[in-house]
Amino acid sequence: MSNNPYTNAVLQLEQAATLLKPQYKDATAFDRVIGSLKTPHKVHHAELEIMMDDGSTKKFTAYRSQHNDARGPYKGGIRYHKNVNLDEVKALSMWMTWKCATTGIPYGGAKGGIIIDPSLLSVSELERLSRAYARFLAPHIGVWRDVPAPDVNTNGQMMAWMLDEYESIVGHHEPGVFTGKPLEVGGSLGREEATGQGGVYVLEQLAAKLKMKPTSTRVAVQGIGNVGYWFAVLACEMGFQIVALSDSKGGIVSQKGLDPAKVLEFKRKHGTIAGYPSTTSITNEEMLQLDVDVLVPAALENVIHAENASLVKAKAIIEMANGPVTPEADEILWKKGILSVPDVLSNAGGVTVSYFEWVQNLHGYVWSKAEVFAKLKPLMIQAFDQMWAMYTDKKVSLRMATYVGAVKRVVDAMIVRGK
């Protein structure tokens, strides 16, 4: 089996469809809809040419995949990464469709990206690239069409540049066309930590189901970017023991527990978390094999695969990255009795609060952070409870338990539309 994310995404859809099909009297219509869901509605591609600081010009390959909009406008992030490719953005756009359906927010899935190592560009070059990407997107997005957001290596500042460029093209204010923006241009309070917060709500529910007390639950978080950092900080505040953290260069372990905020402060000062006092250094691969209660892959996709899944010792996994576990690994983990809460639920807090940002922009509202999280928590708990009910009733993996409900919502929307 391939580690191609798009191949994996299609396989996951097919597995969910097999479980769903007996519920539909019109098998022909069901098969037609599932067939259409295997490919994105539209994929946009461009070569963006910008001027570099030295006066030369350079081209960068850019994509936007729009998977499905049966339940609402396309929604999904934009990533700047050297490994961005067409199959990746297609897979991520499909996963976004399921993610939005999982918490019930009225969006479909999309994803975009540029093949670039952003660390090699200056701030002014990143601004010119972001504005060029907005010009490329402009004919294909809008508050009721497609609503992009930040993703890997992008942030609120880049969304502000894109919004400004888009509004200069359309000639009017339209803040809801991008989410994950700075507060100064219509961003939402709580959006920065929303993905991590949503994951911690899931951790809290999972710990209760497995009868694990927070103070004795050891958690390892792979990745200390925005998502992994806020997951670790908020889980630590709830009393969970963060015993391992990592960045792209490797990880650290302390059985006495780590303070994520202090670890990040150390990283900002030294450029790495390696050498953090009173810890043992490990590789990211060793991180996945730690004997902990909960493993949290919060970096990139496909980190747990056929070759290393048998070495995972955690009791449970909470997938905070997109697609960190391959279908082959899923089978191995399932046979080992390791529960893996899928990404489309675990990290859905980000897109859900992006939806809240969009709603605030459309109506001119400004909600407090407390109000944002008061709206987020019940949606995450409801989605978890629906997954758990399917898992206990049908004896399927947590991924399939989540996918069946999400895919059904999309299929039903398409059938009722006559697609």
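FYI, it's all coordinate maths here, none of it is from the lab. Note that the structure is predicted; figures quoted are calculated from it, not measured. Glycine gets a Cβ as well: all are built from the backbone with ideal geometry, and neighbour counts include every protein chain shown.
Some values worked out for this structure:
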| read-out | value |
| --- | --- |
| Between segment 18-32 and segment 394-419, the Cα center-to-center distance that results, in Å | 11 |
| Taking TRP95, TRP161 and counting other C-beta atoms within 10 Å, the order from fewest to most | TRP161, TRP95 |
| Reachable lysines from LYS58, criterion Cα separation under 18 angstrom, eight or more residues apart if same chain | LYS82 |
| Segment 54-146, dipole about Cα centre (Lys/Arg Cβ +1, Asp/Glu Cβ -1), debye to the nearest 20 | 180 |
| Ratio of the Cα radius of gyration of the chain to 2.2 N^0.38 Å, where N counts its residues | 0.95 |
| Relative contact order for the chain, counting Cα pairs under 8 Å that sit 6 or more residues apart, in percent | 17 |
| 3J(HN,Hα) from dihedral phi, segment 37-54, Karplus parametrisation 6.51/-1.76/1.60, rounded to Hz, x for glycine, proline | 6, 6, 10, x, 4, 9, 10, 9, 9, 8, 9, 8, 10, 10, 8, 8, 4, 8 |
| Flagged links, alpha-carbon separation over 24 Å, of LYS111/LYS336; LYS211/LYS336; LYS90/LYS209 | LYS111/LYS336; LYS90/LYS209 |
| For ASP259, ASP146, order by how many other beta-carbon atoms lie within 10 Å, fewest first | ASP259, ASP146 |
| Whole-number D in µm²/s for segment 78-141 (Stokes-Einstein; Kirkwood sum over Cα pairs; 4 °C, 1.567 mPa s) | 99 |
| Full-extension gain in nm, ASP385 to GLU371, via 0.36 nm per residue minus C-alpha separation | 2.8 nm |
| Counted charge near LEU189, where neighbours are those whose Cβ lies closer than 13 Å (Asp, Glu -1; Lys, Arg +1) | -1 |
| Lys, Arg +1 and Asp, Glu -1 on Cβ, resulting dipole of the chain about Cα centre, debye, nearest 20 | 1040 |
| Per-pair calculated FRET efficiency, R0 = 45 Å: ALA29 and HIS270 via Cβ, rounded to 0.05 | 0.15 |
| Two-decimal Rg/Rh across segment 193-341, once Rg and the Kirkwood Rh are taken from alpha-carbon atoms | 0.94 |
| Ranked TRP388, TRP358, criterion: other C-beta atoms within 10 Å, fewest first | TRP388, TRP358 |
| Karplus-derived 3J(HN,Hα), 6.51/-1.76/1.60, for each residue of segment 165-182, Hz, glycine and proline x | 5, 4, 5, 5, 7, 7, x, 7, 6, 8, x, x, 6, 10, 10, x, 7, x |
| Cross-link pairs LYS25/LYS419; LYS99/LYS267; LYS213/LYS369; LYS21/LYS419 - those with Cα-Cα distance over 20 Å | LYS99/LYS267; LYS213/LYS369 |
| Stokes-Einstein diffusion coefficient of segment 362-411, Kirkwood radius over Cα pairs, 37 °C, 0.692 mPa s, in µm²/s | 260 |
| Nonlocal amide H pairs with HIS81, under 5 Å, H built at 1.01 Å | ILE114, ILE116 |
| Charge-dipole axis of the chain as Lys and Arg at +1 and Asp and Glu at -1 on Cβ define it, positive-most pick from ASN155, THR57, VAL200 | VAL200 |
| Separation between Cα centres of segment 279-340 and segment 96-173, rounded to whole Å | 30 |
| Cα-based equivalent ellipsoid, segment 99-170: semi-axes from gyration tensor eigenvalues, Å | 23, 16, 9 |
| GLU14-LEU362 FRET efficiency (beta carbon distance; Förster radius 25 Å; 0.05 resolution) | 0.10 |
